[in-house]
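Visitor: One structure follows; several queries about it will come next.
The values are calculated or read from the model by the stated rules, or taken from the named source; none is laboratory data. In this text, all values refer to a predicted model and were calculated from it rather than measured experimentally. As a convention, Cβ positions derive from the backbone with ideal geometry for all residues, glycine included, and neighbour counts pool all protein chains shown. The protein model used for the area step is the full one, side chains on, heavy atoms only, and it has no ligands, DNA or RNA in it. Shrake-Rupley method; radii C 1.70, N 1.55, O 1.52, S 1.80 Å.
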Amino acid sequence: MTPFVYRCTDCGRTYSRDEVRYLCPTCGESYRPGIPLTGVLEAVFDYPAIHGRFQPGRPDWGLFCAVEDRYHPPLPVGNTPMARLDRTAAELGLGTLWVKNDGLNPSGSLKDRASFLVAAEAARLGIDLIVAASTGNAASALAAVCASTGQKALIFVPEKAPKAKLVQMVLYGATVVPVKGTYDDAFRLSLDYTAKRGGLNRNTAYHPLTLEGKKTAGLEIWAQAGFRVPDAIFVSVGDGVILGGVAKAFLDLNRAGLIDRLPRLIGVQADTSDAIHRYVETGVYSDAANPTTRADSISVTCPSNAHGARRAILESGGLTLTVTDEEILSAQATLASRSGIFTEPAGATAFAGLLKLQASSRALPADASAVILATGNGLKDVEAPLSRISIPPAVEPVLEALSL
Ligand SMILES: *Cc1c(COP(=O)(O)O)cnc(C)c1O
Ligand SMILES: [Zn+2]
């Protein structure tokens, strides 16, 4: 842990860590459910202190952490492997291609990183109840982390969340409230709950440490790429907090004087859930009216971190793309059969974006290094790929029955 203050990403005012909890008291005033969050806070560390103590040979990620070790949950999270796909890189005209497999987190998604840090913060504050709205993975992650600490998790999810995710959260022992409505409805309800009935709210971007937790994926990417900055990182985007967290990792490394450039961030959205994409392209925000994508984890009408994600993409010299559900499911199958990595549709969305970009006039150059962030495990939603494959019929257990 390194000392830090919170800074408002809109007005720039700074606050000590215990002076504020969620949004900037001034800019958050104008926030009302149904618009992207305003007054999102970011942690600004004592960067000279990090610079003086960080040794790449023995990286101490604790230096980039906003909560003291003694409050950390006992469930190991993060430190996921990053695979190199040389054959696929050559086919796509890239120098190097990695896939960071965050589906290997304990609850099967990158969301464990955010839940871990918010649970640590709740322990520091002495708050026993953590409340979240989620499309599914954030809830499973919170439930898993709370199972390890004995904290209580109260979860609002859309009733249509994939079965495996609902099974996870119930089995982990959380109190699960399926909501008749969308993720955005669940988000509103959970804010109401913590405002009037208590508990610590873990909603993405609303609690500033969700972004800090997700940041750890970016720090690991830097280390696993040999302490080099990859040219481009492909991230699937729903609320835009994973993308914001990856951006924050490289900003922190840069502010600590450990790197001297930023990776281009390529945000990929489903074409029906494209609010951030259109915001980046036009500079004007409007909701995604009907986010029907099969990639449930990125199905969002009003992304809470729309402003932060747009800033991060522009600052990195990156761009956004949209892909169809057909392209997502096809990319999921291609990635699985080429790499052995089975990621859920939302995770495969990043790879679909890479395939689309490399087939376009904006393709990354031949010596470029790129990272795909595979954000969730494919086993969380086996119904999605089942529409494209068939499982062979059974045979009699005799050699003659085989035509192979
Ligand atoms: C949450 C999630 C995303 C998107 O993250 P945001 O911060 O909402 O943009 C992508 N993939 C998976 C598997 C997720 O669970
Ligand atoms: Zn402010």
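Visitor: List the residues, sorted by chain then number, that are 5 or more residues from residue 371 or on another chain and whose placed amide H is less than 5 Å from its amide H.
Guide: 98, 232, 233, 234
Visitor: Then there is this: Please calculate how many Å² of accessible area region 1-113 carries per residue, with a 1.4 Å probe and no DNA, RNA or ligand atoms counted.
Guide: 47 Å²
Visitor: Give me the percent of the accessible area of region 254-384 that comes from carbon and sulfur atoms, probe 1.4 Å, all protein chains in place.
Guide: Ligands and nucleic acids excluded, carbon and sulfur reach 50 percent.
Visitor: Still on this model: May I ask you to evaluate 6.51 cos²θ - 1.76 cosθ + 1.60, the Karplus curve with θ = phi - 60°, for each residue of region 201-214 and list the ³J(HN,Hα) values in order in whole Hz, giving x for glycine and proline?
Guide: Karplus values, whole Hz, x for Gly and Pro: 8, 9, 4, 5, 6, 5, 8, x, 7, 5, 5, 4, x, 5.
Visitor: Once both labels are modelled 7 Å past Cα along the beta-carbon direction, what's the residue 30-residue 255 spacing in nm?
Guide: 2.3 nm
Visitor: Sticking with this structure for a sec: May I ask you to evaluate 6.51 cos²θ - 1.76 cosθ + 1.60, the Karplus curve with θ = phi - 60°, for each residue of region 221-232 and list the ³J(HN,Hα) values in order in whole Hz, giving x for glycine and proline?
Guide: 4, 4, 5, 6, 8, x, 6, 10, 8, x, 5, 8
Visitor: Here is a follow-up. For q = 0.13, 0.15, 0.16 Å⁻¹, what log10 I(q)/I(0) does region 156-277 give under the Debye formula with an equal point scatterer on each alpha carbon and no solvent?
Guide: For region 156-277, the Cα-only Debye profile gives -0.68, -0.85, -0.93.
Visitor: OK, next. How much length would be gained if the chain were fully extended between residue 396 and residue 285, taking 0.36 nm per residue of separation minus their Cα-Cα distance, in nm to one decimal? Show your work: numbers first, answer last.
Guide: Details: separation 111, 0.36 × 111 = 39.96 nm, distance 5.96 nm.
Fully extending the segment from residue 396 to residue 285 adds 34.0 nm.
Visitor: Ignoring ligands, DNA and RNA, what accessible area per residue does region 187-309 give at 1.4 Å, in Å²?
Guide: It amounts to 30 Å² per residue over region 187-309.
Visitor: Please turn the phi angles of region 121-135 into ³J(HN,Hα) values with the Karplus equation 6.51 cos²θ - 1.76 cosθ + 1.60 (θ = phi - 60°), one per residue in order, whole Hz, x for glycine and proline.
Guide: Couplings: 5, 4, 5, 4, 7, x, 9, 9, 10, 10, 10, 8, 10, 7, 6 Hz.
Visitor: Of the listed pairs 111/215; 163/380; 163/214; 165/356; 160/380, which have alpha-carbon separations greater than 18 Å here?
Guide: Table pairs above 18 Å Cα-Cα are 163/214; 165/356.
Visitor: With a ≥ b ≥ c taken as the square roots of the eigenvalues of the C-alpha gyration tensor of region 95-193, please select rounded if a/c is under 1.5 and otherwise prolate if a/b is larger than b/c or oblate if it is not?
Guide: Oblate.
Visitor: In addition: Among 292-301, 390-399, 85-94, what's the highest-first ranking by average C-beta atoms within 10 angstrom per residue?
Guide: 292-301, 85-94, 390-399
Visitor: Average the reciprocal distances over every distinct pair of alpha-carbons in the chain, invert the result, and give the Kirkwood radius in Å.
Guide: Kirkwood radius, the chain: 21.2 Å.
Visitor: Given a Förster radius of 35 Å and the C-beta distance between residue 367 and residue 311 as r, what FRET efficiency does 1/(1 + (r/R0)^6) yield to the nearest 0.05?
Guide: 0.80
Visitor: Further question on the same structure: Could you compute the FRET efficiency for residue 16 and residue 387, with r as their C-beta to C-beta distance and R0 at 30 Å, rounded to 0.05?
Guide: 0.05
Visitor: Taking a quarter of the surface of the convex hull around the Cα atoms of region 254-404, what do you get in nm²?
Guide: Value for region 254-404: 12.9 nm².
Visitor: How large is the helix-only mean residue ellipticity at 222 nm for the chain, computed as the sum of -39500 (n - 2.57) over DSSP H runs with n ≥ 4, divided by its residue count, in deg cm²/dmol to the nearest 500? Please report the intermediate quantities before stating the final value.
Guide: On the way: 13 runs with 148 residues, N = 404.
Value at 222 nm, helices only: -11000 deg cm²/dmol.
Visitor: Where q = 0.29 Å⁻¹, what log10 of I(q)/I(0) comes from the Debye formula for region 22-78, counting one point per Cα?
Guide: Values returned for q = 0.29 Å⁻¹ are -1.14.
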